[in-house]
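As C-alpha cells, the structure follows; a few thoughts come after it.
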2 protein chains.
Amino acid sequence: MSQLTILDNYFAEKREKHLEELKKFLSIPSISSLSEHKADMQKGAEWLSDSFKQAGLENIVIDETKGHPVVYADWLHAEDKPTVLIYGHYDVQPVDPLNLWESEPFNPEVRDNKLYARGASDDKGQVFMHVKAVEALLELEGSLPVNVKFLIEGEEEVGSPNLEEYIESNKDKLAADVIVISDTGMQGPGQPAVCYGLRGLCGVQIDVKGAKGDLHSGLYGGGVQNSIHALVSILESFRDEEGTIEVEGFYDNVRPLMEEEREAYAALGFNEDELKQEVGVTELFGEKGYTHLERVWARPTLEINGIFGGFSGEGIKTVLPSEAGAKITCRLVPDQDPEEIVTKLKAHIEKHKPAGVTVKVTEFDKGKPFITPFDHPAIQAAGRSYEKIYAVPTAYTRGGGSIPIVAAFDEILELPVVLMGFGLSTENFHAPNEHFHLENFDKGLRVIGDYYNELSSLSKEELKK
Amino acid sequence: MSQLTILDNYFAEKREKHLEELKKFLSIPSISSLSEHKADMQKGAEWLSDSFKQAGLENIVIDETKGHPVVYADWLHAEDKPTVLIYGHYDVQPVDPLNLWESEPFNPEVRDNKLYARGASDDKGQVFMHVKAVEALLELEGSLPVNVKFLIEGEEEVGSPNLEEYIESNKDKLAADVIVISDTGMQGPGQPAVCYGLRGLCGVQIDVKGAKGDLHSGLYGGGVQNSIHALVSILESFRDEEGTIEVEGFYDNVRPLMEEEREAYAALGFNEDELKQEVGVTELFGEKGYTHLERVWARPTLEINGIFGGFSGEGIKTVLPSEAGAKITCRLVPDQDPEEIVTKLKAHIEKHKPAGVTVKVTEFDKGKPFITPFDHPAIQAAGRSYEKIYAVPTAYTRGGGSIPIVAAFDEILELPVVLMGFGLSTENFHAPNEHFHLENFDKGLRVIGDYYNELSSLSKEELKK
C-alpha cells in the first residue's frame, strides 16, 4: 500500500472520532475580543495543549502574553530534516447577531456534510487538521518525516497585538525552515490554492490650508488660492489617466512578475465579466499591460480613501474654503519598502504643492509586503500535495490585501511562508452560520500529511528563501 | 450763490429736523424675515409713503405683493428730461444677538457723529437721503431737474422673492432712463466710489459613482476605478496651475477690460500686502496678467466650494469609495451667459469623464453678470458729483459678488444701473451696532442733489445703454 493509501484508510477509520474531538474544540466559546470569555480563552488553550499531548507532541507549553496565551508544542527528532513551523489561532470572532444562526454557534452540528459552528473554518478546524495529521503520522510511523513546531495564538481576531513581541523574544525557539499557515481560502470549491504573496500598506493624510478662514467666493474668488483646488491638484498628480502611479521612483523596487506567475494566473480563467457584475461597473480600470489579477495581486496601488473640504450640505454655498484634506493609502508589493515609499510620497507632495497654500502630511501605520518566490520548492511542493489529493491543478495565487502577522513572520524569522488554506469564501467566517465543508476537512488531512512527506524530501539548503 | 451752496445751506439748516425724521424711520422694527414684525413692515411702508407725500412726490402707492409691500412714488414734470428710477429697501436684518448692542437697535442714538440703529446704513438711511434730496430741490426750486420714480421694497434682506415679478408686471410704470441704487459701500472713509459692475453666478454639483458599493482596497485596489480619483481628475481639468480656466469657450464672451478701467483700478492703490495679512496667506493666487482687483472684479472664476467622498473620520480606512461629489460655482463677468457657461461645463465634464464611472451633474441657481460701461455718461456724472463734494477722485469699482436684483433690473428694464453707495464696510450692517457715519449723510445729500442736476444735463439718447 502506498503511504497515501495508508493515510486514506487511517483517516476514514478515525473520521467519527476526529469529528467528535473537533466538535469539543468548537464548543469552547473562545471569543478573544470579549472580556467575559477570558476563562474560555484559557479553556481553549488547555484543550489545545491536551490535544498536542494526545498527538504525541512534546515541550508543550501555554505561554502567557499581555493578552491571551500562545500555545506551543514541537516534535524535533527528524535529524537533519527541515523544521516546519505551523501557525494558526484558537480564538474566534463574536457571534452577533445570534438570531441569524440556524444552529447554536458553540453547539457544532453537521448538516449536508458541512460542520456548522463558530471557528469551524476560521481557524480551529484548520488548526485541528494539522494536529491530526501529525498524530496520524506518529501513530502510523512512530516518527515524523520532518521536525514540527506549533505556534497557535489566541489573539488573531483582535489583530495579534502581542504576537510580534512573542516572536521577537522567542526567535531561537521558533527557528525553522518553513512556516505553514492554514488560515486562508481555496480558489473555489474543489479548487485548491497556494497563496505565496500578500501586499503591504502605507499611507498618509494630506491636509491643505489656504486662507486663515473660509472666504466669500464673490469678494475673493479668483484672487486667493482655493484649498480644495490645491488638494485636487496634488491628488491628480499621483496617477495618470490609466492608473499608473507617477510618484518618482514608486516602481523602482517592484519585483517584476515572472513569466510562470503570469501563466499561472492566466490559467485560473478569471472571469472579468462576473467581477464587473459583482461590483456593478461597466468596465474595469487599472494599470495598462496587466490583467485584473496581476493588478490586484502583484502591482502596487495608490488609492484615495477619503476626501473632505468646504461645504457638503444641500444646495449651494459660495465659499472659498480655507481647509481641505484627503487620506491616501498605497498597497505595496515586493520589494517595495513602506518607509521608502512614504518618503517618496512626501517628496512628491512637496514638489507638487500649488502656490498659496501650506500642506501638512501625516503618516499612517505601515505594513511590509511579503512574498515567497513562486518557484520556491516549499510552494511548489504544497501545490503537488494538493494536486495528488484533489486531482486538479493547484492555483498559485497572491492576496491583494495585507495580513500584518504574516509580514511579521516573514521579516523577523526570515522564512519562506506557505499559505495553504482549506476554507471557502462562502463559509461565512466572521458571520452567522460559519461552517466548514467536510470534503475539504477529509481531503485537507491527507494534503497536510502528504505535504510533511514532500517537505522531508527537500534539504534545508533548498528551503532557504 | 451757486446751486451747491444753496443746497449746502439748506441741508445745514434742516439737519436736526432731518435726523429726527430719520430716527423715527429707524425706530420702526421692519424686520422682513420675522413674521412677528409683519405689522411693522406695514408701518415702515406707511412711514415712507407719508415721507414721499411730505417731499412733494406724487402717485404714491403701497403696492401689495405676495410678501411685504413695495412703496412707489414719482414726480414726472421735467418734460424731455431723463427719468431716474431710485431703488432701495425699507426692510432690515434681524438684530440678534441683542446683548452685543451698545444702544437699542430700534432706539436710534448719535454717538461721535455716527447714527447707531438697525438700518442706519443698510438701507433706510440711504433711502431717506434720496427722499430728502428730492424734497430739498422741490422746496428750493419748485421743480426737479429730472423726472424721478421711487421703488422701495420690503424684502431685500430675504432675497427679494417677489420683486422680479413686480418689475415684470410694472415695466411701463417703472420705465426710466437710468436706475440709481444707494445700497453699496464707499471705497473707504472719505473715498467715494461708483460701482458699475457685478459678477454673475452659475454652478453645478458633480456626483461620481464607481462600483455599486464601497470596496476593500486590498481585494480590489488597482483593478476598479476609484470614484474620488475620477472626481479629482475632472476637477483638476477645470483650471491650469495658474488658475486659468480650461473649459472650452469659457472666456469666449468675456468683455475685455478697457485701458481706462485698468488705470482706474490701478489708481486705487490697492494694498496687496494688507490683503495677504487680512486673509492669512503668504502669496496671492490668480490668473496671470491681471492684478488682484482685476481678478476679483472683472475676471470670471471657477471655484470648488465643497468636496466629499469616502472615509473622513480619524485614522485610516482602506476603502475604495463608491461615491464622491463636489460643488463648483463660477463667478461670471459681462458678457458671459450663465446658461451657456453651464452647457460648456457639462460638455467639459462629459469630455473629461474618466473610465469606469458614471457622472451626474446637477445645476444650481444662476445669476447674470451686470455692467454699465465704465465710460457711460451716467457713471461718469456720478463720479463728478462725488468729486465736487468729497474733493478727492472717485473710485470706479466693480463688485466681485452678485446682487441678483441688480441683474434683474439690468435685464428686465434694460437700463444703465448706477450703484452709488454711502455706506462703509466697517458700519456693521447685518451685525450688532450698525451705524452710519453722519459725515457721509451730510455729504451724500448734496452728492445726490447734485447728481440729479448732473443727469438733467444729459439727453435720453446719451443715457441709452
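I'd like the full set of residues that are charged (D, E, K, R) and under 25 Å from B:K317 (Cα atoms), limited to the stretch A:302-357. Before you say what the answer is, go through the steps one by one.
Residues of the stretch A:302-357 charged (D, E, K, R): A:303, A:314, A:317, A:323, A:327, A:331, A:335, A:337, A:339-340, A:344, A:346, A:350-351, A:353.
Answer for the stretch A:302-357, where residues must be charged (D, E, K, R) and under 25 Å from B:K317 (Cα atoms): A:E303, A:E323, A:K327, A:R331, A:D335, A:D337, A:E339, A:E340, A:K344, A:K346, A:E350, A:K353.
Scan the strands (runs of 3 or more DSSP E) fully inside the stretch A:154-221 and keep the ones with 2 or more residues being of a type in the set (D, E, K, R).
Working: elements: A:178-181, A:193-198, A:200-209.
Fully inside the stretch A:154-221 and qualifying: A:200-209.
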Considering each residue of the stretch A:254-279, count those that are away from every other protein chain (no Cβ under 14 Å) and in contact with a strand residue (DSSP E or B) (Cβ under 9 Å, 6 or more places away or on another chain), and give that number.
6
Residue satisfying condition, being closer than 30 Å to B:V158 by Cβ and among the charged types (D, E, K, R), within set B:E427, B:E462:
B:E427
For the stretch A:322-375, which positions are polar (S, T, N, Q) and more than 14 Å from chain B (Cβ to nearest Cβ)?
A:T343, A:T372
Identify, by number, the condition in (1) facing another protein chain (nearest Cβ under 7 Å); (2) under 23 Å from A:S312 (Cα atoms) that A:G203 doesn't meet.
(2)
Could you please give the count of residues in the stretch B:280-318 that are facing chain A (nearest Cβ under 8 Å) and closer than 26 Å to B:V204 by Cβ?
18
Within the group B:K353, B:K366, B:K344, which residue is within 25 Å of A:L302 (Cβ to Cβ) and among the basic types (K, R)?
B:K353
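The rows are residues; the columns are (1) in a helix (DSSP H, G or I); (2) among the hydroxyl-bearing types (S, T, Y); (3) farther than 20 Å from A:G325 by Cα.
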{"site": "B:H229", "(1), (2), (3)": "yes, no, no"}
{"site": "B:V232", "(1), (2), (3)": "yes, no, no"}
{"site": "B:L235", "(1), (2), (3)": "yes, no, no"}
{"site": "B:V247", "(1), (2), (3)": "no, no, yes"}
{"site": "B:R255", "(1), (2), (3)": "no, no, yes"}
{"site": "B:A264", "(1), (2), (3)": "yes, no, yes"}
{"site": "B:D273", "(1), (2), (3)": "yes, no, yes"}
{"site": "B:K276", "(1), (2), (3)": "yes, no, yes"}
{"site": "B:E287", "(1), (2), (3)": "no, no, yes"}
Filter the strands (runs of 3 or more DSSP E) completely within the stretch A:15-134 down to those with at least 2 residues that are more than 25 Å from the chain's Cα centre (by Cα) and surrounded by fewer than 16 Cβ atoms within 10 Å (Cβ to Cβ).
A:58-63, A:109-111
Read through the list (1) within 30 Å of A:I234 (Cα to Cα); (2) of a type in the set (K, R); (3) in a strand (DSSP E or B), then give the number of the only condition that A:K353 fails.
(3)
When you scan the stretch A:191-200, do you find a residue that is in contact (Cβ under 8 Å) with a residue 40 or more places away in the chain, outside the structural domain of A:D335 (by TED's automatic domain parsing) and over 24 Å from A:P300 (Cβ atoms), even just one?
yes
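Go through the stretch B:295-334 and give me each residue that's among the polar types (S, T, N, Q) and part of a loop (DSSP other than H, G, I, E, B).
Taking the stretch B:295-334 first, the residues among the polar types (S, T, N, Q) are B:301, B:305, B:312, B:318, B:322, B:329.
Scanning the stretch B:295-334 gives B:T301, B:S312, B:T318, B:S322.
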Looking at A:G125, A:G119, A:G67, which is the one that is in contact with a helix residue (DSSP H, G or I) (Cβ under 9 Å, 6 or more places away or on another chain), touching a residue at least 12 places away in the same chain (Cβ under 8 Å) and at positive phi?
A:G119
Give the residue, chosen from A:L455, A:L413, A:L438, A:L445, that is in contact with a Leu (Cβ under 7 Å, 6 or more places away or on another chain) and over 29 Å from A:L201 (Cβ atoms).
A:L438
Out of all the residues in the stretch B:330-339, which are surrounded by fewer than 24 Cβ atoms within 10 Å (Cβ to Cβ) and either in contact with a strand residue (DSSP E or B) (Cβ under 6 Å, 6 or more places away or on another chain) or of a type in the set (K, R) (or both)?
B:P334, B:P338
Does B:N226 satisfy the criteria of being free of Cβ contacts under 8 Å to residues at least 12 places away in the same chain and among the polar types (S, T, N, Q)?
no
Kindly establish whether A:Y290 is surrounded by fewer than 20 Cβ atoms within 10 Å (Cβ to Cβ) and either touching a strand residue (DSSP E or B) at 6+ places or on another chain (Cβ under 9 Å) or not acidic (D, E) (or both).
yes
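Within the stretch A:402-460, track down each residue that is among the polar types (S, T, N, Q) and either under 19 Å from the mean Cα position of the chain (by Cα) or assigned to a helix (DSSP H, G or I) (or both).
The answer is A:S402, A:S425, A:T426, A:N428, A:N440, A:N453, A:S456.
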Please go through the stretch A:211-253 and pick out each residue that is polar (S, T, N, Q), out of contact with any strand residue (DSSP E or B) (no Cβ under 8 Å at 6 or more places or on another chain) and at the interface with another protein chain (Cβ under 7 Å from one of its Cβ atoms).
A:Q225, A:S233
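The values are calculated or read from the model by the stated rules, or taken from the named source; none is laboratory data. From a predicted model like this one, the values you see are computed outputs, not experimental measurements. Every residue, glycine as well, gets a Cβ built from its backbone with ideal geometry; the counts of neighbours run over all protein chains shown.
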